[in-house]
Amino acid sequence: MKRTFEELMKVGEKYHRDTNFCTVIATATVCEMSFSKAYYKMKQQGRRDRRGAYQPQYFNVIKARGFDIKRFSFNSCTVHKVLKQLPSKGTFLINVSRHVIAVVDGVINDWSDEAYHKNHKGKPCYRRVVEINEIIKSTKPKGRVL
């Protein structure tokens with residue numbers, strides 16, 4: 001279930017009347033689930049509407065969906081340059097200050113993507129990357145799924 005940032009954003013705004021949902025979009029993208037399902041799973045973890053979420057909240061949802069999270073080593077860079085350091089295949093969560101970005105197979109699913117800025121006459125995102133985590137489908141048998 002691959003959805004664009006714009007499609008996920010419209011669902012969040014129209015059906016949930018929510019904002020500041022970068023963690024919900026990132027979680028929905030890396031777990032391949034709908035915005036609404038990710039929204040309700042994040043709400044169970046304590047995310048409040050129109051507020052961001054803390055890393056343990058979205059990590060709990062991702063792990064419960066059967067994924068492992070592995071810290072990815074990288075050289076200091078900006079969002080604009082991060083794709084040059086990531087492998088072309090794989091799923092990643094990129095943390096910048098107060099924001100989370102999902103990257104799947106070399107494609108950013110977020111407003112910080114260059115294509116989004118070209119369509120909206122803006123400049124690419126030059127925010128500094130704080131942390132990168134690789135999301136890997138777990139080989140362990142699933143326990144309880146949220």
task: For the chain, with all protein chains present and a 1.4 Å probe, just round the carbon and sulfur fraction of the accessible area to a whole percent.
output: 49
message: Amide H of GLU131 versus every other amide H placed in the peptide plane: which residues, excluding those fewer than 5 positions away on the same chain, fall under 5 Å?
response: ASN95
field: About the Cα centre, charge dipole magnitude for the chain (Lys/Arg +1, Asp/Glu -1 at Cβ), debye
entry: 340
statement: Length gained if SER88 through GLU114 is fully extended, taking 0.36 nm per residue and subtracting the Cα-Cα distance, is 7.7 nm
query: What aspartates and glutamates sit close enough to LYS43 to cross-link, taking a C-alpha to C-alpha distance under 14 Å and skipping anything fewer than 8 places away on the same chain?
result: ASP18
message: From the phi angles alone, apply the Karplus equation (6.51, -1.76, 1.60; θ = phi - 60°) to region 45-54 and give each ³J(HN,Hα) in whole Hz, x where the residue is Gly or Pro.
response: 7, x, 5, 9, 4, 6, 10, x, 10, 8
- prompt: Say R0 is 22 Å: what FRET efficiency, to the nearest 0.05, do SER73 and ASN95 get from their beta-carbon distance?
  reply: 0.95
- prompt: Between GLU32 and TYR54, 0.36 nm times their residue separation minus their Cα-Cα distance comes to what?
  reply: 5.9 nm
- prompt: According to a simple spin-label model (label point 7 Å from Cα along Cα-to-Cβ), what is the distance in nm between THR19 and VAL104?
  reply: 2.7
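Heavy atoms only, 1.4 Å probe, whole protein assembly: order ASP18, ASP49 by accessible area, highest first.
So the residues, ranked largest to smallest area, are ASP49, ASP18.
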- request: Could you run the Karplus curve 6.51 cos²θ - 1.76 cosθ + 1.60 with θ = phi - 60° over region 28-44 and give me ³J(HN,Hα) per residue in whole Hz, x for Gly and Pro?
  value: 4, 5, 6, 8, 6, 10, 6, 4, 4, 5, 4, 4, 6, 5, 5, 5, 4
- request: Report the one residue of ILE69, LEU83, TYR54 whose Cα lies farthest in the direction of the positive end of the charge dipole of region 48-105 (charges on C-beta: Lys and Arg +1, Asp and Glu -1; origin at the Cα centre).
  value: TYR54
- request: Would you tell me the accessible area of PHE72, worked out with a 1.4 angstrom probe on the heavy atoms of the protein chains, in Å² to the nearest 10?
  value: 40
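The values are calculated or read from the model by the stated rules, or taken from the named source; none is laboratory data. Here the structure is a predicted model, which is why all the values come from computation and not from measurement. Don't worry about glycine lacking a Cβ; one is built from the backbone with ideal geometry, like all the others, and counts go over all protein chains shown. Accessible surface areas use protein heavy atoms only, side chains included; no ligands, DNA or RNA. Shrake-Rupley method; radii C 1.70, N 1.55, O 1.52, S 1.80 Å.
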